[in-house]
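Working notes, beginning with the structure itself.
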Amino acid sequence: MPMPFSLLADTFEKLERVTARTQMLLYLVELFKKTPPDVIDKVVYFLQGKLWPDWKGLPELGVGEKLLIKAAAIALHVSEHQVEMLAKKLGDIGKAIEYLKREKEKAGRGGPGLLAFIKGAQASSGLTVEKVYETLARIAMAQGEGSREIKLKLLAGLLAEASPKEAKYIARFVEGRLRLGVGDATIMEALAVVYAGSAAKRPIIERAYNLRADLGMIAKILATQGIKALENIKPEVGIPIRPMLAERLNDPVEILKKLGGRALVEYKYDGERAQIHKKGDKIWIFSRRLENITHMYPDVVKMALEGIKAREAIVEGEIVAIDPDTGELRPFQVLMRRRRKHDIHIAMEEIPVAVFLFDTVYVDGSDLTLKPLPERHRRLEEIIVPSETWRLAEGIIVDSPEELEKFFLKAIEDGAEGVMAKAIHERSIYQAGARGWLWIKYKRDYKSEMVDTVDLVVIGAFYGKGRRGGKFGALLMAAYDPETDTFKSVCKVGSGFTDEDLEKLNDMLRPYIRQNKPARVDSQMKPDVWVEPALVAEIIGAELTLSPIHTCCYGWVKPGAGISIRFPRFIRWRPDKSPEDATTTKELYEMYLRQLRRIEEKREASAQPA
Ligand code: ATP
């Protein structure tokens, strides 16, 4: 049974009008109940605002504003200028197209044709989800010479066929501005309710998604084969697995206590995380955000081909820039320069890298995610052929805080960022997609009261004054709250930016600027413009402090106050992180408690008689 696209457009409209997650969930459940199992993957991708997972490395739609306006003009038999003016007035091309279509229909109804009347009165168009998806996919796939014409023709055809409402959402999808505000967590919960009978089954779907980061595919397996099929799912080479993440602590005694007294401690390299997949002579490299970055590292591809003995494997490591003369580690910023170079072969020459491997989750048909770390490590050692630039991360087993501290100092001296302390007991599994206490990072102290940097998401921007007049000069930053799937404001940051950073700010923010507060944003402070959560920046400050304005951890420490950062300073962008990877509200709360404890200890120490 084909699925009418109008069902999806109606749901988009409903979702757009609500911000409460429970209500969104109900709408999704309603939608999934009406979705035939064989199109559920496409419906999920539409909800995610994409045609396929980013890691597939398939082309994007490649339709700019100009082309969209042109297509709309053709579809509606009006001038481009007309569409453009109306879009400016309404602030949205989608709305302009919807309006113009409705006007045309009204005119049609007033006219003589009965057919026009019947067509005009219809809320839907006969377009199916399959047809819209397939046409959009063809638009994306049209590449090279003559592709602009093909894209234009296909898009104009689609917009002509669509109902006014459908056309609005097609236009917004094409522009990448669907802004429904539904997160993956809500989609998974709705899938659990509809296909597994209860929201309580969400963890099974979550685990499957963590092992194979393609929610459309997971939904399809669930809808066509049932929840049992998901329970037995394994990682698959070529499909990224969502990475295991670490908690943070800055006290070796506490770290060892958390890990059960004994731990593997490794250098924490300051580079780019790489998940390297091998199947025969094919290699894929996925970033921490699960982008396919294989093309950026032909040298690592070669290392992996020569350095993995297994036929099929998924290994993890950190790619670090090194000094070719000394082999010494170079800072993260040097590696990022390589990302910006256009000619990859020149970049490879100028910025050589090494890979330090620290885990494996899959080898020749065996899923290792539920095996303890020592066993995974053993497998890693067995399948690796080490070389100067392709080897295991430096590491030792420690069972005393003194040893840990000593190794930490050595790591810093050698140019690492600190250490990663990892549990080695029987339950030390690979927690895909989760931040937990099985891995604890211990990084260098910044010598301020605020011991560590945080990664916050831009949710708004303020225009600058004086020299910075007319341009953005400060950003409103938020932490992520996974419980409610919202971004809660933490601070306004206006210092630490170089002139170059500020120059680029307007261009960087432009695609994400919104007139109204985005659905998942929770902030009492009102910026000059709102920004859709997308960009993550590393921030340091003098200390964490209580604030009556900011909504992060509101009421957790004290009624009527949230947690904020005093004198926040921008350090750098974190393009390798997605908004959901930002520091969480809970982490900030724990950092605040630790800060209180430190102050308390200092006070006690100074109160001791000499
Ligand atoms: P940070 O912001 O501190 O760089 P993160 O938030 O990107 O960390 P975390 O999970 O908190 O990610 O810290 C672990 C990261 O450290 C990994 O994603 C990986 O890129 C890097 N790393 C470096 N060395 C190691 C190692 N030996 N084991 C695990 N991860 C390591």
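The values are calculated or read from the model by the stated rules, or taken from the named source; none is laboratory data. None of these values were measured; they are calculated from a predicted model. A quick note on method: Cβ atoms are made from the backbone with ideal geometry, for glycine too, and the neighbour counts reach across all protein chains shown. The area values use the complete protein model at the heavy-atom level, side chains included, leaving out ligands, DNA and RNA. Shrake-Rupley method; radii C 1.70, N 1.55, O 1.52, S 1.80 Å.
Does the stretch 118-125 contain at least one residue that is closer than 16 Å to LEU158 by Cβ, open to solvent by 30 Å² or more (accessible area, probe 1.4 Å) and either at pLDDT 65 or above or polar (S, T, N, Q) (or both)? The answer is yes; a qualifying residue exists. For the stretch 181-216, the candidate set comprises residues that are within 16 Å of the chain's Cα centre (by Cα) and outside any helix (DSSP H, G or I); within that set, the residue that is farthest from VAL18 (Cα to Cα) is ARG212.
Among the residues of the stretch 507-523, some residue qualifies, meaning at least one is of a type in the set (A, V, I, L, M, F, W, C), assigned to a strand (DSSP E or B) and open to solvent by less than 20 Å² (accessible area, probe 1.4 Å).
When residues in the stretch 272-319 are screened for being open to solvent by less than 10 Å² (accessible area, probe 1.4 Å), under 23 Å from TYR209 (Cα atoms) and away from the ligand (no atom under 16 Å from the Cβ), 2 of them pass. Considering the stretch 529-542, and only residues there that are modelled with pLDDT of 95 or more and open to solvent by 10 Å² or more (accessible area, probe 1.4 Å), the residue that is nearest to the chain's Cα centre (by Cα) turns out to be ALA534. Of everything in the stretch 144-176 that is open to solvent by 50 Å² or more (accessible area, probe 1.4 Å) and under 23 Å from the mean Cα position of the chain (by Cα), the residue that is nearest to TRP52 (Cα to Cα) is GLY176. For first residues located in the stretch 550-574 and touching a residue at least 24 places away in the same chain (Cβ under 8 Å), partners that are among the polar types (S, T, N, Q) and part of a loop (DSSP other than H, G, I, E, B) and lie 6+ apart or on another chain with Cβ distances below 7 Å form the pairs THR551/SER523; THR551/GLN524; GLY562/THR551; ILE571/THR453. On inspection, VAL253 passes the criterion of being under 28 Å from ALA582 (Cα atoms), assigned to a helix (DSSP H, G or I) and more than 16 Å from the ligand (Cβ to nearest atom).
Residues satisfying the criterion are absent from the stretch 212-225 (criterion: modelled with pLDDT of 95 or more and at positive phi).
Restricted to the stretch 224-246, and to residues that are open to solvent by 20 Å² or more (accessible area, probe 1.4 Å) and within 16 Å of the ligand (Cβ to nearest atom), which residue is nearest to LEU290 (Cα to Cα)? Of everything passing the filter in the stretch 224-246, ARG242 is nearest to LEU290 (Cα to Cα).
Rundown of residues vs (1) outside the structural domain of GLY261 (by TED's automatic domain parsing); (2) surrounded by fewer than 21 Cβ atoms within 10 Å (Cβ to Cβ), yes/no style:
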{"residue": "SER387", "(1), (2)": "no, yes"}
{"residue": "LYS406", "(1), (2)": "no, yes"}
{"residue": "MET420", "(1), (2)": "no, no"}
{"residue": "ARG427", "(1), (2)": "no, yes"}
{"residue": "GLY460", "(1), (2)": "yes, no"}
{"residue": "LYS471", "(1), (2)": "yes, yes"}
{"residue": "LEU475", "(1), (2)": "yes, no"}
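In the set ARG435, ARG378, ARG427, only one residue is over 30 Å from the mean Cα position of the chain (by Cα) and under 23 Å from ILE314 (Cα atoms); that residue is ARG378. For the stretch 358-399, filtered to residues that are without any contact (Cβ under 8 Å) to a residue 40 or more places away in the chain and outside any helix (DSSP H, G or I), the residue that is farthest from the ligand (Cβ to nearest atom) is SER366. Checked against the criterion of being out of contact with any strand residue (DSSP E or B) (no Cβ under 8 Å at 6 or more places or on another chain) and modelled with pLDDT of 95 or more, the candidates PRO4, PRO59, PRO37 yield just one match: PRO37.
Do any strands (runs of 3 or more DSSP E) lying entirely in the stretch 535-604 carry at least 2 residues that are farther than 30 Å from SER287 by Cα and among the hydroxyl-bearing types (Ser, Thr, Tyr), and which ones are they? It would help to see each step written out before you state the result.
On the way: elements: 536-540, 543-547, 562-566, 569-573.
Passing ranges, in order: 543-547.
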